[in-house]
Amino acid sequence: MEGKGAGLAKRLATLLSGLLECMCFAGVIFGWASLVYVLKDMHYFEELCVPGANGTGNGTQGPDCRAQDEKLSLVFTIGSFMNNFMTFPTGYVFDRFGTMPARLLAISLYTSGMLLIAFSTAATALILFPAMCLLSVGGILLILSNIQVGNLFGKHRSTIITLYNGAFDSSSAVFLVVKLLYEQGLTLRAMFLFLAACSAWHLTRTFFLMPRWHIPYPLPSGYTYGCCVYRLGCGRQGCSYHTHQEQWPGPGDGGQKPSDPSLEPGPGDADASKAIMGNGESEARPGQGELPAVSFWACVFSKLFFWHLVWLSVMQLQHYLFIGTLNPMLEHLAAGDTAQVSTYTNAFAFTQLCGVLCAPWNGLILDRHKRGKSKERAKGSADSLADLRSCILSLAVTVLQCLAFSVCASVPVLPVQYATFILQVLSRSFLYGGSAAFLAIAFPLEHFGKLYGLLMALSAVVSLLQYPSFALIKGPLGNDPFYVNIGLILVILLAFVSPLVVLRECQRREKELEKPHAATAPLTLPQAGIESSV
């Protein structure tokens, strides 16, 4: 068993290396605006451009490249859709098979996507469609496997989760680096081959600094993970799932806990994992006060999940549409001035780097608000109520930020877009970090991967509206997104319902805790989850 100093050093190494992984690889697709600039310069889909209205090669009006813009926008639309939609099956893989298989799948997909882009050319531009999809799915699996690192840091858990999501947002700046290096003479192929070779880093983390299964919360005494755990398992009965299942008692066993508490629970350790991950009562048995488990579908059909889905979907649509249409919007506002478009594209990409700095503010709101409220609750009540109450302010602040961002985006003045860029990265950092933290707080952890995946998958369906919105802007609205932006501002107002629903749920649970039987049967999150079903 590791000493406290070694254990802390290992956890910090896991935290920092995971932060680097998320910041450099997980969400690179959202740097699309920078990559589009390079792709256009390399003549991708340029055959779709048609001569200007004057119809002569010597005319002053340039070619009409709306079809090229639409095709490139479609690449981003499908890639961002896959980023969300495939999170549900990948979340199931993560929940069912553990961290290692999920990460190995992520690394395979991510490397394949990088290689496809590296060997693509203007003549084979259609390769961008599968390439961006592979990058999206691989990236979301990387962030999904890293979110659990927050469980290693107890009371700072929400801050770590939001920090990682902020790093995910900041990774979009990788394509800015690609753009800048391309302007200095490096080829697209060389840069993407280098990014593909970085998979060696992901493999190293997978085997040495990540658990084989999952990181429980709260952590059991003496918990450890990584290569030393594999050696312990191999030294006994071979490296297999069955090894861990035999060492933890099942629901009908009268056996004791494993003699080495540092070993990770495997996928078959249902009772042990639920006890550790849910309430920290590892010795609960049927008939001895064990709390009823909540099914996955009970969580899905709850009011909390439905309105959180609405909360995420409407704001995500605004962000995706803004990123996907940024390049043509800048060209429209700059009247085709390539130098200005490049300058504003760089400014947007630089602001994305601030995502890793902005996202932890949301985690601090959650953690500090929770600690402040926890002093008010009764001694026997569940911590889940204070956790859930801490989400109300976070959810409301995120909506206000997105509204401010949407208002600035609707102003057709080029210098105003600097403010839009700042508000966009702040809002997006709060959006995804707060969403992941809310799911980890509001629902049982054994369903986190599936719920996170389903949430992203359903929101992806809504995000497909960005393509018809883009077609509307480029067609009937004549490149003017003003009316579309106004419509989105009105739709975003629906997101205010989610914090109100959470507030009402907290009030209902407080009344339950005040009942006479509350002292002997405290209300828990799973119980409340069933009662709040629609």
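Please go through segment 103-126 and pick out each residue that is aliphatic (A, V, I, L, M) and either open to solvent by less than 10 Å² (accessible area, probe 1.4 Å) or under 19 Å from Val174 (Cβ atoms) (or both).
Ala106, Ile107, Leu109, Met114, Leu115, Leu116, Ile117, Ala118, Ala125
Does any residue of segment 133-144 turn out to be within 25 Å of Met114 (Cα to Cα), open to solvent by 10 Å² or more (accessible area, probe 1.4 Å) and free of Cβ contacts under 8 Å to residues at least 24 places away in the same chain?
No, segment 133-144 has no match at all.
Restricting attention to segment 146-169, does a residue exist that is free of Cβ contacts under 8 Å to residues at least 60 places away in the same chain, under 22 Å from Phe30 (Cβ atoms), part of a helix (DSSP H, G or I) and touching a helix residue (DSSP H, G or I) at 6+ places or on another chain (Cβ under 7 Å)?
The answer is no; no qualifying residue exists.
Go through segment 181-198 and give me each residue that's part of a helix (DSSP H, G or I) and modelled with pLDDT of 90 or more.
Across segment 181-198, the qualifying residues are Leu181, Tyr182, Leu188, Arg189, Ala190, Met191, Phe192, Leu193, Phe194, Leu195, Ala196, Ala197.
Identify, by number, the condition in (1) touching a residue at least 24 places away in the same chain (Cβ under 8 Å); (2) part of a helix (DSSP H, G or I); (3) hydroxyl-bearing (Ser, Thr, Tyr) that Thr204 doesn't meet.
Failed condition: (1).
Per-residue answers, yes or no, for (1) touching a Ser or Thr at 6+ places or on another chain (Cβ under 8 Å); (2) open to solvent by 30 Å² or more (accessible area, probe 1.4 Å); (3) modelled with pLDDT under 85:
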| position | (1), (2), (3) |
| --- | --- |
| Thr14 | no, no, no |
| Gly18 | no, no, no |
| Ala26 | yes, no, no |
| Val38 | no, no, no |
| Leu48 | no, yes, no |
| Gln61 | no, yes, yes |
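Can you find a residue that is within 18 Å of the chain's Cα centre (by Cα) and open to solvent by less than 40 Å² (accessible area, probe 1.4 Å) anywhere in segment 486-495?
no
Evaluate segment 428-441: report whether one residue or more is in contact (Cβ under 8 Å) with a residue 12 or more places away in the chain and more than 16 Å from the chain's Cα centre (by Cα).
No, the conditions are met nowhere in segment 428-441.
Within segment 397-413, track down each residue that is out of contact with any His (no Cβ under 9 Å at 6 or more places or on another chain) and closer than 16 Å to Leu490 by Cα.
Result: Thr398, Val399, Leu400, Gln401, Leu403, Ala404, Ser406, Val407, Cys408, Ala409, Ser410, Val411.
From Gln401, Gln352, grab the single residue that is at pLDDT 75 or above and within 24 Å of Leu19 (Cα to Cα).
Gln352
Examine segment 69-87 for a residue that is surrounded by fewer than 20 Cβ atoms within 10 Å (Cβ to Cβ) and among the hydroxyl-bearing types (Ser, Thr, Tyr), and state whether such a residue exists.
no
Would a scan of segment 355-367 turn up a residue that is small (Gly, Ala, Ser) and at pLDDT 85 or above?
Scanning segment 355-367, I find no residue that is small (Gly, Ala, Ser) and at pLDDT 85 or above, so the answer is no.
Considering segment 335-350 alone, what residues qualify as being open to solvent by less than 10 Å² (accessible area, probe 1.4 Å) and not hydroxyl-bearing (Ser, Thr, Tyr)?
Val341, Phe348, Ala349
Checking the structure you have, find out if any residue of segment 179-198 is free of Cβ contacts under 8 Å to residues at least 60 places away in the same chain, surrounded by fewer than 22 Cβ atoms within 10 Å (Cβ to Cβ) and more than 25 Å from Asn327 (Cα to Cα).
Yes, that holds for at least one residue.
Inside segment 324-357, can you point out the residues that are in contact with a helix residue (DSSP H, G or I) (Cβ under 6 Å, 6 or more places away or on another chain), within 24 Å of Pro63 (Cα to Cα) and assigned to a helix (DSSP H, G or I)?
Gly324, Thr325, Leu326, Asn327, Pro328, Leu330, Glu331, Val341, Tyr344, Thr345
Can you find, within segment 81-110, the residue that is farthest from the chain's Cα centre (by Cα) among those that are within 11 Å of Val137 (Cα to Cα) and of a type in the set (Val, Ile, Thr)?
Among those that are within 11 Å of Val137 (Cα to Cα) and of a type in the set (Val, Ile, Thr), it is Ile107.
Any idea which of Leu176, Leu209 is at negative phi, open to solvent by 10 Å² or more (accessible area, probe 1.4 Å) and in contact (Cβ under 8 Å) with a residue 60 or more places away in the chain?
Leu209
Between Ala298, Ala339, Ala349, which is aliphatic (A, V, I, L, M), within 23 Å of Pro412 (Cβ to Cβ) and in contact (Cβ under 8 Å) with a residue 40 or more places away in the chain?
Every option except Ala349 fails the conditions.
The values are calculated or read from the model by the stated rules, or taken from the named source; none is laboratory data. Since this is a predicted model, take the numbers as computed values, not measurements. Every residue, glycine as well, gets a Cβ built from its backbone with ideal geometry; the counts of neighbours run over all protein chains shown. For the accessible areas, the whole protein counts, side chains as well, though only heavy atoms, and no ligand, DNA or RNA atoms are used. Shrake-Rupley method; radii C 1.70, N 1.55, O 1.52, S 1.80 Å.
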